[in-house]
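Values in this text are rule-based calculations from the coordinates and carry no lab data. Everything numeric here is computed off the predicted structure, so don't read it as measured data. Positions of Cβ are generated from backbone atoms using ideal geometry, with glycine treated the same way; all protein chains shown enter the neighbour counts.
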Amino acid sequence: MANVVLLYSPSCSACPSAKSLWKQLRVKYSFGYREVDITTPDGQDLANRHAVRAVPATIIDGRLTFVGVPPRESAEKALALRMKPR
């Protein structure tokens, strides 16, 4: 199962769209999902570890995968690639 972390900011105008996209995809796919405010200590730690310079930023299975709101197709493809049996 993939683990998705969405790094967001309360003042970000694009972040609600990213939140909505990942919540919609959770209906279709089974994956862990967590939203982290970049202004919190946890958010700052994640941003520093992954060199995040803008939000929304999506980290999938510990790798920075998207900055900005990804197209739905790209998000689904990223999930599908990580959810295949190894």
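Side notes on the structure shown:
- Label sites at Lys28 and Glu73, each approximated as a point 7 angstrom past Cα along Cα to Cβ, lie 1.2 nm apart.
- Annotation: aspartates and glutamates with alpha-carbon distance below 19 angstrom to Lys19 (same-chain offsets under eight excluded): Glu35, Asp37, Asp42, Asp61, Glu73, Glu76.
- Relative contact order of the chain, pairs being alpha-carbon contacts under 8 Å that are 6 or more residues apart, as %: 39 percent
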